[in-house]
1. Looking at (1) in contact (Cβ under 8 Å) with a residue 24 or more places away in the chain; (2) touching an Asp or Glu at 6+ places or on another chain (Cβ under 8 Å); (3) part of a helix (DSSP H, G or I), can you tell me which one residue B:15 breaks?
2. Quick one: which helices (runs of 4 or more DSSP H) sit completely within region B:181-256 and have at least 1 residues that are over 18 Å from the mean Cα position of the chain (by Cα) and closer than 25 Å to residue B:269 by Cα?
3. All but one of (1) more than 30 Å from residue B:128 (Cβ to Cβ); (2) at the interface with another protein chain (Cβ under 9 Å from one of its Cβ atoms) hold for residue B:102; state the number of the condition that does not hold.
4. Report, by residue number, each residue of region B:239-282 that is within 30 Å of residue B:119 (Cβ to Cβ), free of Cβ contacts under 8 Å to residues at least 40 places away in the same chain and charged (D, E, K, R).
5. Go through region B:309-320 and give me each residue that's more than 7 Å from chain A (Cβ to nearest Cβ) and within 30 Å of the chain's Cα centre (by Cα).
6. Would you mention how many residues in region B:283-333 are surrounded by fewer than 17 Cβ atoms within 10 Å (Cβ to Cβ), touching a residue at least 60 places away in the same chain (Cβ under 8 Å) and aliphatic (A, V, I, L, M)?
7. Looking only at helices (runs of 4 or more DSSP H) that lie completely in region A:1-106, which have at least 2 residues being within 21 Å of residue B:83 (Cα to Cα) and not hydrophobic (A, V, I, L, M, F, W, C)?
8. Looking at region B:42-67 only, could you name the residues that are within 10 Å of chain A (Cβ to nearest Cβ) and out of contact with any Asp or Glu (no Cβ under 7 Å at 6 or more places or on another chain)?
Amino acid sequence: MADQALLNALIELADDHNILSHRLAEWCGHAPILEEDLALTNMALDMIGTARGLYSHAADVEGRGRSEDDLAYLRVEREYRNCLLVERPNDDFAHTMLRQLFFAAFMEPYWQSALTSSDETIRGIAGKSVKEVAYHIRHAGEWVIRMGDGTQESAARLHAAMQDLHIYTEELFHASEAAGHCARAGLLPDRTDLRETWLETLTPIFAEARLEMPEGVPPQIGGRDGLHGEDLGHLLAEMQYLQRAHPGASW
Amino acid sequence: MYSQGLIGADGRTEESEAFLDAFQKRIDAEEKIEPKDAMPEGYRRTLIRQIGQHAHSEIVGMLPEGNWITRAPSLKRKAALLAKVQDEGGHGLYLYAAAETLGVSREQMTEELLSGKAKYSSIFNYPTLNWADMGAIGWLVDGAAIMNQIPLCRCSFGPYARAMIRVCKEESFHQRQGYEIMLTLCRGTAEQKQMAQDALDRLWWPALMMFGPHDADSAHSEQSMKWKIKRFSNDQLRQKFIDATVPQAEYLGLTVPDPDLRWDDSLNGGKGGYAHGDIDWDEFWRVVKGDGVMNRDRIKARKKAWDDGAWVREAALKHAEKRAMRKTQEAAE
């Protein structure tokens, strides 16, 4: 049971990073300025690195000879366990940066707390990721401020992004049964504890960006049960195409 | 990645003979020319065009490989491809910065690219049609780029030469990475090996064209050689590339798509080398002039990124203005 819970919780976390990395990678070569082509790619690389570490660890915990790629490329939509926020389409630069900020502001205290996990591999992954995610907060946060306190158009686009995305943030604080088990066992942080730090990070940024988080709108939840929106299937179809077309081949 | 074996040094100049002689003496003494030094206008224009074309090639070159990032077949390959395309963006950035030292802005250069006035390497107007193209681009296109760029590390213009040193280190890593993709595919399933052969079939001739027209048809090369912007002729570099690459193809078990390719003892001053068949220069000029399969799509993609991003750049400028204004107000109070 303990191993099964750890396996499931690691997969949830790995899927979050894999899917958001993929979304960021979609920008590569198409960003508003060259510096952003580099920065978005950097964040995509950080996140794919974290995903690989987590999938490998999950595969070891499972002990059935599956690889990181088997876990990433050979599971379908209903088996993916990422939260809904990370699968949201890029839409525009405002959506992309706000999505990144929401996620990074959650992961920073998460990794901070995971530095004291009872699992050595998780501590290692946390040590690397905590530094990266601090940069993601800074980078995305600066853009959110520039857009919110920039032109009329940029402010309008950022407000639209807020309307679209804030309903997916509640899910970050929900612990699945597996994640709850791992939190009680001291393996992974308790997601439900992190809301205050998350808000402390976001509040000053949103104040400078003249941005408010709407209240009283029912949240969207379901990713941890494999209940996704329609966009994820298309993302996976593209991502998994070669592995599906050539079963068993090595690349 | 790489700029075309550059078409055209600009020899027009209005300086006095004494000035030009003194400049040539510095070049002949292998002194580096720095941005603030006096230089003939033709030298400046040639470098702006060459470095600009090189920068544009890096930026447009992100697209054919970017085409496979979201379909890369493993997490490791995806990370490596992302990092490679990111390196190309980084090369574009230093090259634009090197060109800016000569008095042209990145915005001006970007506008020239989008309007079709500035050129970029014609290799990027070919589509990437299977995963093996990611291997073949690294192996052949970056391989050809290295042949062209190693001599540029000794280019007479200091900022370009220094940028090239870093670029070459990264390119040589890309080249090995590309070859390793090819090797993996050639040792894989029959379908994978077929992908590798298909990529070589499509990219071999365009890679040879990257060195530019034959020396006899390369009108302005002589002036570039004299100014030590260029150190070897197009044909010399092409020959070097073929001699290095044919044995690599053999090791992969792939067939170079040139029925006239054969060893010739008389080449390379009697040391021997591979003689090759005729290059289809009509195709080369057709693609350079804008009629390759992907020319229109490449510019359209760059233009879309630029236009879609306009509001983001405007927001950043406006925000910086607002901050500066608030600071001034605070200081006045």
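1. (3)
2. Numbers: elements: B:190-209, B:221-226, B:234-252.
Once the helices (runs of 4 or more DSSP H) in region B:181-256 are filtered for at least 1 residues that are over 18 Å from the mean Cα position of the chain (by Cα) and closer than 25 Å to residue B:269 by Cα, what remains is B:221-226, B:234-252.
3. (2)
4. B:243, B:260, B:278, B:282
5. Matches in region B:309-320: B:310 only.
6. 1
7. In region A:1-106, the matching helices (runs of 4 or more DSSP H) lie at A:2-25, A:34-62, A:68-73.
8. B:55, B:59, B:60, B:63, B:64, B:65, B:66, B:67
Computed from the coordinates by the stated procedures, all read-outs in this text should not be read as laboratory data. Since this is a predicted model, take the numbers as computed values, not measurements. Backbone-built Cβ (ideal geometry, glycine too); neighbour counts: all protein chains shown.
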